[in-house]
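Asks: One structure is given below, represented as structure tokens, and several questions about it will come after.
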Amino acid sequence: MDHLRVARDVLAYVGGAGNINAAAHCATRLRLVLDDMDRVDRAAFDRDPVIKGTFIAGGMFQIIVGPGDVDRVFDAMVTTGGVKEVSKEKVKQEAARSGNPLSRFIKTIADVFVPILPALIAGGLMMAIDNVLTAEGLFGGQNAPALTERWAWLADYADLINLISSAAFAFLPVLIGFSAAKRFGGNAYLGAAMGAAMVSSSLTSSYTAIQAQTAGTIGIWRLFGLTIDKIGYQAMVIPVLCVAWVLAAIEKRLHKRLSGTTDFLLTPLITMLATGFLTFVVVGPVTRVLSNGVTNGLAWTYNALGPIGGALFGLAYSPIVVTGLHQSFPAVEIPLIEGIKAGGAGSFIFPIASMANVAQGAAALAVFFKTADARMRGLAGAGGASALFGITEPAIFGVNLRLRWPFFIGMAAAGVGGAGVALLDVRSQALGAAGLVGLVSIVPTSIPRYLALEGLVFILAFVGVFAYATARSRSLTDDVDDAGTAVSKADAQLDSGTTSAVEFPRNAGADLSVTAPIHGTAISLSEVGDRTFASGVLGPGAAIDPVEGPVVSPVDGEVLVAFPTGHAYGLRSASGIELLIHVGMDTVELDGKYFTPRVAAGKRVHRGQVLVEVDWAAVTRAGYRTTTPVVVSNAASFAGIVDEHVGRIVERGDALYTVEAIEPVAARPPASA
């Protein structure tokens, strides 16, 4: 690669060095904060044979160059292009300040909710299990007894499941208080404590507040000349978000004014006292009205517009996923779900989201059957299957959005499904995976209608894309938008240089196996929360959610790239497989903290040799995901990967996957020392 040429052209493509507000890089990508995105020539990036793709994430314009080259391109931009290098943290701060207020607000909401979604989804699915066990008429006809009535021994199991499932929602302010206080720069444990106070057993539960008011049994406080009702904030989102922000603001201001022992003793005390009074006297009551207004307003709009509102929401849902706005939906959806306890109908958001996800999955599967491109076929098959079960990013970014019309056809089919959801009043009573398996989260009496609509949406999207491709009499890959999309060049392969020959163990030259570099749970790339890896831009492979221990080499070979921060490694095996191991997501921002590298670039490594030791718990506490992709970066030289051992616990050295040769690989004799 001509790194100087690439650096010069990248600067030209982004509108010159003057348009770059901050610049840094990670193991594979340039990360730029730009003043004016309209000056970026996306078409030029797509035409450049070296650039592997571009996308916008976290307020940064990210350019995929590849391991071993990105650092050299960046250095050339700094030394010859006048770009000012700043720290990773500075880039993150600048990115957080960039963009419009709406996008920053959406990112903030997402940052708060993404860490707690596993607890909410687990609770939602357990609610669904409880509903299956206790719902009447679900099995055997409209008047058929519930399973717990048929088999009395199931009742206690259902009761325990209901107890556990309700915890995440009943104590939601505790979870949000912890996550939001951390996001706003305050003490997470103070945030959790404040959240616990908002659902204290000394308060009347918000679930029974209306009945308690009617009966006149709600207690009151007389504070500052005001009469304050003692009502809790169970399952409410907006009040605790505002309280966490107030808490963090007070705490940070006190930290600046106090020091030493005084700061240690008085800051938590004053913070909790001030926040506590503000919560129950001002912030809580005001935001309770706001929270109820937002939820009721959205529900009223949906109900008033009927099928038209459902169609518009279904049509817009997939573009909303592209922007990331869907991450803020739990703030509205949770009150709708919890409203069932007070006689509400449930959430319409989940069923419509399911329709959109199934539509995009069906569109990608149609691409799978119609494309002649082997790489696109693999992406479409894996992405389509993933979307049907609720994870749409691989299908959207890797296939449909790139090919344009499959994405649009999927949107149209989702619009039909959304109209059907409104027309038939399909509602959910729990969170879950918005796709085919989402039926367990649907109100039991709505399940047949839900399944019928999903079948209709699948047929419309699949047949629509299939018919479009047939009518065009061409491979769908001919329709790639030259103007670029959210993720471009999904079938591009990473470039790599050469290194001097080194000595390898005997028969290593014929070994195409890749073993697990970490002890943890092996998962498919589609489950990785980073769109670049999930869409296959950087190559096929698998990922591991770590349990413990170091990261070791999964092959006998040599180190091509070893970042000083310890977060990413490029390896070449003796048989020619080039691997990228990215330890965690966005961990470059830690700047080496919690990582202890054990190898350097150019070093020969044996399978099982330690590459880096990681303090996984500390990385998690710092707010970073530890999922570690292991991808084949020179996949164009091979036929693909087979024998993937995903979905199970793997020890270091266990089989992860095997790279399939285009032609039989002859054993290479070991090189002389």
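Asks: Output the number of residues of segment 572-597 satisfying the condition of being under 22 Å from residue 547 (Cβ atoms), out of contact with any helix residue (DSSP H, G or I) (no Cβ under 9 Å at 6 or more places or on another chain) and surrounded by fewer than 17 Cβ atoms within 10 Å (Cβ to Cβ).
Replies: Residues in segment 572-597 being under 22 Å from residue 547 (Cβ atoms), out of contact with any helix residue (DSSP H, G or I) (no Cβ under 9 Å at 6 or more places or on another chain) and surrounded by fewer than 17 Cβ atoms within 10 Å (Cβ to Cβ): 1 in total.
Asks: Of the residues that make up segment 375-398, is at least one under 20 Å from residue 467 (Cβ atoms) and modelled with pLDDT of 85 or more?
Replies: no
Asks: In segment 272-293, which residues are in contact with a Leu (Cβ under 6 Å, 6 or more places away or on another chain) and crowded, with 16+ Cβ neighbours inside 10 Å?
Replies: Selection gives 275 alone.
Asks: Further, regarding this structure: Which of the residues belonging to segment 568-593 are farther than 25 Å from residue 639 by Cα, in a loop (DSSP other than H, G, I, E, B) and at pLDDT below 90?
Replies: Residues satisfying the conditions are 585, 586, 591, 592, 593.
Results for (1) in contact with an Asp or Glu (Cβ under 9 Å, 6 or more places away or on another chain); (2) touching a residue at least 24 places away in the same chain (Cβ under 8 Å); (3) under 28 Å from residue 396 (Cβ atoms); (4) not aliphatic (A, V, I, L, M), shown as yes or no for each residue.
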{"site": "13", "(1), (2), (3), (4)": "yes, yes, yes, yes"}
{"site": "37", "(1), (2), (3), (4)": "no, yes, yes, no"}
{"site": "47", "(1), (2), (3), (4)": "yes, yes, yes, yes"}
{"site": "66", "(1), (2), (3), (4)": "yes, yes, yes, yes"}
{"site": "77", "(1), (2), (3), (4)": "yes, yes, no, no"}
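Asks: Now a separate question. Can you name the residue in segment 35-59 that is aliphatic (A, V, I, L, M) and under 24 Å from residue 582 (Cβ atoms) and is also farthest from the chain's Cα centre (by Cα) among such residues?
Replies: 50
Asks: Considering only residues that are closer than 26 Å to residue 512 by Cβ and out of contact with any Asp or Glu (no Cβ under 9 Å at 6 or more places or on another chain), which ones fall in segment 578-599?
Replies: Our first condition is that a residue be closer than 26 Å to residue 512 by Cβ; within segment 578-599, this holds for 578-583, 598-599.
Matches in segment 578-599: 578, 579, 580, 581, 583, 599.
Asks: With the structure loaded, tell me whether residue 607 is more than 21 Å from the chain's Cα centre (by Cα), in contact (Cβ under 8 Å) with a residue 24 or more places away in the chain and surrounded by 20 or more Cβ atoms within 10 Å (Cβ to Cβ) or whether it fails that test.
Replies: Criteria met by residue 607.
Asks: Report whether or not residue 14 is more than 23 Å from residue 634 (Cβ to Cβ), crowded, with 22+ Cβ neighbours inside 10 Å, more than 24 Å from the chain's Cα centre (by Cα) and among the hydrophobic types (A, V, I, L, M, F, W, C).
Replies: yes
Asks: Without any contact (Cβ under 8 Å) to a residue 60 or more places away in the chain and surrounded by fewer than 23 Cβ atoms within 10 Å (Cβ to Cβ), is that true of residue 636?
Replies: no
Asks: Is it the case that residue 250 is in the same structural domain as residue 284 (by TED's automatic domain parsing) and not in a helix (DSSP H, G or I)?
Replies: So residue 250 does not fit the description; no.
Asks: Does segment 347-391 hold any residues that are under 20 Å from the mean Cα position of the chain (by Cα) and not in a helix (DSSP H, G or I), and which are they?
Replies: Within segment 347-391, 389, 390, 391 meet the criteria.
Asks: With respect to the numbered conditions (1) free of Cβ contacts under 8 Å to residues at least 60 places away in the same chain; (2) over 17 Å from residue 119 (Cα atoms); (3) surrounded by 16 or more Cβ atoms within 10 Å (Cβ to Cβ), which one is the sole condition not fulfilled by residue 186?
Replies: (1)
Asks: Among the candidates 461, 534, 516, single out the residue that is within 17 Å of residue 646 (Cβ to Cβ), at pLDDT 90 or above and either in contact with a His (Cβ under 6 Å, 6 or more places away or on another chain) or among the small types (Gly, Ala, Ser) (or both).
Replies: Every option except 516 fails the conditions.
Asks: Here is a follow-up. Would you be able to say whether some residue in segment 426-437 is of a type outside the set (Val, Ile, Thr), outside the structural domain of residue 118 (by TED's automatic domain parsing), buried (at least 24 other Cβ atoms within 10 Å of the Cβ) and assigned to a helix (DSSP H, G or I)?
Replies: No: segment 426-437 contains no residue that is of a type outside the set (Val, Ile, Thr), outside the structural domain of residue 118 (by TED's automatic domain parsing), buried (at least 24 other Cβ atoms within 10 Å of the Cβ) and assigned to a helix (DSSP H, G or I).
Asks: If I filter segment 483-490 for residues that are at pLDDT 75 or above, in contact with a helix residue (DSSP H, G or I) (Cβ under 7 Å, 6 or more places away or on another chain) and among the charged types (D, E, K, R), do I get at least one hit?
Replies: no
Asks: What are the residues in segment 158-172 that are surrounded by fewer than 21 Cβ atoms within 10 Å (Cβ to Cβ) and assigned to a helix (DSSP H, G or I), if any?
Replies: Of everything in segment 158-172, those that are surrounded by fewer than 21 Cβ atoms within 10 Å (Cβ to Cβ) and assigned to a helix (DSSP H, G or I) turn out to be 158, 159, 160, 161, 162, 163, 164, 166, 167, 170.
The values are calculated or read from the model by the stated rules, or taken from the named source; none is laboratory data. Since the model is a prediction, treat every value here as computed from it, not as a measurement. Quick reminder, even Gly has a Cβ in these numbers, built from the backbone with ideal geometry, and neighbours come from all protein chains shown.
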